[in-house]
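Novice: There's a structure below that I have some questions on.
The values are calculated or read from the model by the stated rules, or taken from the named source; none is laboratory data. Being a predicted model, the structure only gives us computed values, none of them experimental. Cβ placement follows ideal geometry from the backbone for every residue including glycine, while neighbour counts extend to all protein chains displayed. For accessibility, only protein heavy atoms count, side chains too; no ligands or nucleic acids. Shrake-Rupley method; radii C 1.70, N 1.55, O 1.52, S 1.80 Å.
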Amino acid sequence: VSVTSDRFDELGHDFERDRPVVLGGPVGAAKARLFPLREAVAYAERWLPVHRPREEEF
């Protein structure tokens, strides 16, 4: 998987669409979201190879 921040906004959007995410209170200027980290990592492990394949696979 490429190691850049490209498409992480899409990953977050898809995760929130597919999994329960609780909107928490503010943390600084940001809105906090609460979700199980293990579930988020497992989701990203499935999402990233499909949406951000390695450059040498192009």
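Novice: Among the numbered conditions (1) open to solvent by 60 Å² or more (accessible area, probe 1.4 Å); (2) touching a helix residue (DSSP H, G or I) at 6+ places or on another chain (Cβ under 9 Å), tell me where Leu48 comes up short.
Specialist: (1)
Novice: State yes or no: is Glu39 at pLDDT below 90 and not hydroxyl-bearing (Ser, Thr, Tyr)?
Specialist: On the way: at pLDDT below 90: no; not hydroxyl-bearing (Ser, Thr, Tyr): yes.
For Glu39, the condition - at pLDDT below 90 and not hydroxyl-bearing (Ser, Thr, Tyr) - is not met.
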